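Beneath this line is the structure, given in C-alpha cells, with notes to follow.
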Amino acid sequence: MLFQAGIKDGAKLSIAEKQSFVDEQAQMQAAQEQDALLQKQQAAAVQQEVKEQQLMKSQIGVIRLQIDQLAQQAQQLQQQLQHQPHAVSHKAALQIGEVATQKLIQLDNVHVTGDARMLRKAEINRVNTMADQMELIKSQTRGQ
C-alpha cells in the first residue's frame with residue numbers, strides 16, 4: 001500500500017500529529033477523568049444515604065420495641081377492663097397514655113427520609129390508636 005502511494009523501501013517516515021488531534025485527545029481524557037470522579041462521588045453519596053437510612057431505621061426499631069412493650073401493657077389493661085372492670089384504675093390508663101405521648105415525641109425527633117418515613121408513620125399511627133384506646137379507658141374508669 002505504501003508502494004502505491006509512492007513511498008519506496010527504506011524510506012524514513014515521520015508521523016506528525018496535528019495539534020487539534022492532540023487537544024482533542026487531551027479533552028477526551030479529561031472528560032473521562034471527570035466522569036470517573038463524578039461516579040465516585042455519586043457512589044459515595046449513595047453509600048452515605050444507605051448508612052443514614054440504616055441509622056434511621058435502627059432508631060425507629062428501638063422505639064418500636066418500646067412501643068411493643070407499651071402495647072402489651074395496654075392490651076393487658078383492656079383485657080382486665082373486660083373481665084374485671086372495677087379492678088382497672090384510671091391512673092394505669094393515664095400512665096400508658098403519657099408514655100404513648102412520650103413515644104410520639106421520640107418518633108417526631110427522628111429525622112427520616114425514604115423508606116424510614118413509612119416506618120415512622122406506621123409507628124405513629126399505632127401509638128395514636130393506643131392513645132385513643134387509653135382515653136376511652138380513662139373515660140370509663142373516672143373516679144377509680
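The values are calculated or read from the model by the stated rules, or taken from the named source; none is laboratory data. Not measured: the values here are computed from a predicted model. Cβ coordinates were reconstructed from backbone atoms using ideal geometry, including for glycine residues, and neighbour counts include every protein chain displayed. To get the accessible areas, we keep the full protein, side chains included, count just its heavy atoms, and leave off ligands, DNA and RNA. Shrake-Rupley method; radii C 1.70, N 1.55, O 1.52, S 1.80 Å.
General remarks:
- Top-ranked residue of region 1-58 - restricted to ones that are over 25 Å from Leu119 (Cα atoms) and among the acidic types (Asp, Glu), ranked as least open to solvent (accessible area, probe 1.4 Å): Asp23
- Flag: Asp68 matches the condition of being open to solvent by less than 70 Å² (accessible area, probe 1.4 Å), of a type in the set (D, E, K, R) and part of a helix (DSSP H, G or I).
- The residue that is nearest to Gln54 (Cα to Cα), among those in region 105-144 that are touching a Gly at 6+ places or on another chain (Cβ under 8 Å) and free of Cβ contacts under 8 Å to residues at least 60 places away in the same chain, is Ala131.
Yes/no per residue for (1) among the polar types (S, T, N, Q); (2) part of a loop (DSSP other than H, G, I, E, B):
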{"site": "Gln75", "(1), (2)": "yes, no"}
{"site": "Gln82", "(1), (2)": "yes, no"}
{"site": "Gly97", "(1), (2)": "no, no"}
{"site": "Gln102", "(1), (2)": "yes, no"}
{"site": "Thr113", "(1), (2)": "yes, yes"}
{"site": "Ala116", "(1), (2)": "no, no"}
